[in-house]
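**Q** For reference, the structure I am asking about is given below.
What follows is calculated from the coordinates using simple rules that are stated; it is not laboratory data. Because the structure is predicted, anything quoted here is derived from the model rather than measured. Please note: Cβ atoms are built from the backbone with ideal geometry, for glycine as well, and neighbour counts cover all protein chains shown.
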Amino acid sequence: MSGNFLDENDLKNLFPEKRESQDGKAVEVEFEPEKSPLPTPEKPKPLVEFEKPVLWKLILKFAGLFAGIFLITFLVVNSSALEKKLGYFWDVQLKHESYQKALATPEATQNFDPATPAKLVIPKIGVEAPVAWNIEDSQIQEKLLEGVVHFKGTALPGQKGNVFITGHSSYYSWSSSPYKDVFALLEKLSVGDKIYIQYQGANFTYEVTNTKVVSPNDLSVLEPTPNYNLTLMTCVPVGTNLNRLIITSSQI
């Protein structure tokens, strides 16, 4: 094989040169390899970068989906009661005025025909519903679709004590009962508002004295009173049974 394996440049790279300094001493020159003119190739990036799933993002998506389904279901189930609330100022106020005028006539304070079914009338919120009297606890839910319900064992109109009546604030919107949301607007009552009961041919007038929200386990609202009182109860907030709205009134 002809030719040299190492040329002059290779030798210079392998063996450092010694040069003389100004004072005549030899100085060793360290070898510095030449830098490659070509850049180091970078690792190719994938065409599509996928983001790793994050737990909290999945939780938020699930919570949002659950909240949306719950809201839609709530609106559908309670649409009748919610519609009544929205229409309060447009429709019920007119009924309020007509009821007040009718009850202000002399005939309104006189005895009614004994054959007239007993009913509860609340002019301010447009309520006019039959009353089922002396109903046992086991029958209350069934009777609530027929009107409002009087708790057995509490006083009757004209008797001293606590007349206790309850009604639905909301029920399934597809129910055909006209009383499924009879007390949807009960929270609109305030001190001084009038409530009327027609019972056994007589008209009993009550005036609201207090409103409050209590726990479902608070049975003190059923206790007898020393005077002639009427208590109305319904579930709140609308569409739930978390608490009970209590309206107390005194006979006048």
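**Q** Just to be sure I understand the model, the point goes 7 Å from the Cα along the line to the Cβ. What's the resulting L222 to S190 distance in nm?
**A** Once both label points are built, they end up 3.2 nm from each other.
**Q** Quick one: if you stick a label point 7 Å off each Cα along the C-beta vector at I69 and N134, how many nm between them?
**A** About 4.8 nm separates the two model spin labels.
**Q** Here's a follow-up. Between S173 and T209, what length comes free when the chain is fully extended (0.36 nm per residue of separation minus the Cα-Cα distance, one decimal in nm)? Numbers along the way, then the final one.
**A** Working: separation 36, 0.36 × 36 = 12.96 nm, distance 3.20 nm.
Working it through step by step, the gained length comes to 9.8 nm.
**Q** Contour minus end-to-end for L242 and L145, with contour as 0.36 nm per residue of separation and end-to-end as the Cα-Cα distance?
**A** Numbers: separation 97, 0.36 × 97 = 34.92 nm, distance 2.02 nm.
The span from L242 to L145 would gain 32.9 nm if fully extended.
**Q** Between F62 and A202, how many nm apart are label points set 7 Å from Cα along the C-beta direction?
**A** Result: 6.2 nm between the two label points.
**Q** With 18 Å as the limit, write out which pairs from K143/K194; K124/K194; K124/K188 have Cα-Cα distances beyond it, or answer none.
**A** Listed pairs above 18 Å: K143/K194.
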